[in-house]
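Before any comments, here is the structure.
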Amino acid sequence: MAGKSSQSNNRGTDLFGNYVSGKFKEYHTAQFASTVLTGLTATGGTISDYTDGGSSYRAHVFTSSGTFDVTASGDYGDTIDYLVVAGGGGAGGARGAGGGAGGFRTATGFPVSSGSYTVTVGGGGAAATTPGFSPPPGTSGSNGVDSTFSSITSSGGGGGAIGWNGNAGLNGGSGGGGGDGGAGGSGNTPPVSPPQGNNGGPGGGNVGGGGGGAGAVGSGTPTNNGGNGSPSVIAGPSNTSVGTPGPAPGRWFAGGGGGQLGSGGAGGGGAHGDPSGVAGTTNTGGGGGSAPGIGASGGSGIVIVSYRTL
């Protein structure tokens, strides 16, 4: 009597629990093994891959102007998340006010398709050009430059006022601080929803107030601190090359500059200094810090685009 063959019959089930064997099983296995989900195919900026909650993401970090080019759709939807931060405002001189932070705009689910998207990264505003201790009076700091991604524009931060004569801070993404007796500049100018920034602080006691930040208004006398910015994890929680440390998880952006004797807001805001103020941190949109003489410039902005890849 013939014995049973010792060879395997290559039987089993497919991914749906159906009974298959032989070549049919091999075909099923090969077919499903080759199905791999992918994200968008895109170029532009400095690419940074990261994981969050068990999923993989890719960030395109623009520290200077360029283009975000989409060449193929992905399996996770044709949408991206963005962060657009404008340049911070420069500080005023003569015990002046801190510069306002650049506008801070972020959102998820922004639709994209194959093509090129223009990215503009705004520079920081210049500090006051003269100290203003005696006539002719000194000047306020200059506004930062707008940053853009596609149809999204964040406004440059407002310049901080000089310390004398009741000068008001300039309006912008966040407003610059006001000089002695002057109001802080208005933030979220022009208005968008949700707001891109906050007002600058008023000046008083012969000193200027703090510039507004993305997350808080600038303060007036006696602290004159710049308003705190806001955190973002779009670039990845482990990416330490952009943003600055802050009081909560994530990297922080768009802090207001400190007025006379004030500290800068979390998110790159420059502090008061003597004889020179501290500039807003590069690629954060932080406002410049003030000084007894001439204040400091605002920090340049940044644009980050991210999407799921796995």
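The numbers here are math on the coordinates, done by the rules we state, and not lab data. On a predicted model such as this, the values are computed, not experimentally measured, just so you know. Neighbour counts are summed over all protein chains in view; Cβ atoms, including those assigned to glycine, are modelled from backbone coordinates with ideal geometry.
Once you list every other residue whose beta carbon is under 15 Å from the beta carbon of S306, what net charge do they have if Lys and Arg are +1 and Asp and Glu are -1? The answer is 0.
For the pair region 46-121 and region 288-310, the centres of their Cα atoms are 12 angstrom apart.
Short-range pairs are left out: with C-alpha atoms under 8 Å and at least six residues apart, the relative contact order of region 45-310 is 23 percent. Put one equal scatterer on each alpha carbon of region 45-310, apply the Debye formula with no solvent term, and list log10 I(q)/I(0) at q = 0.16 1/Å to two decimals. Taking Cα atoms of region 45-310 as identical point scatterers yields -0.89.
With r defined as the distance between the Cβ atoms of T108 and S64 and R0 fixed at 30 Å, what FRET efficiency is calculated, to the nearest 0.05? For T108 and S64, the calculated efficiency is 0.75. Here the Karplus curve 6.51 cos²θ - 1.76 cosθ + 1.60, taken at θ = phi - 60°, turns the phi angles of region 55-66 into couplings of 10, 9, 9, 10, 10, 10, 9, 9, 9, 8, 5, x Hz, with x standing for Gly and Pro. Multiplying the residue separation of T79 and T46 by 0.36 nm and removing their Cα-Cα distance gives an extension gain of 10.0 nm.
By the beta-carbon count within 10 Å of each Cβ, the least crowded to most crowded order of I304, I294, fewest first, is I294, I304. Is the shape of region 114-204 rounded, prolate or oblate, going by the alpha carbon gyration tensor and its root eigenvalues a ≥ b ≥ c, with a/c under 1.5 for rounded and a/b larger than b/c for prolate? The shape class here is oblate.
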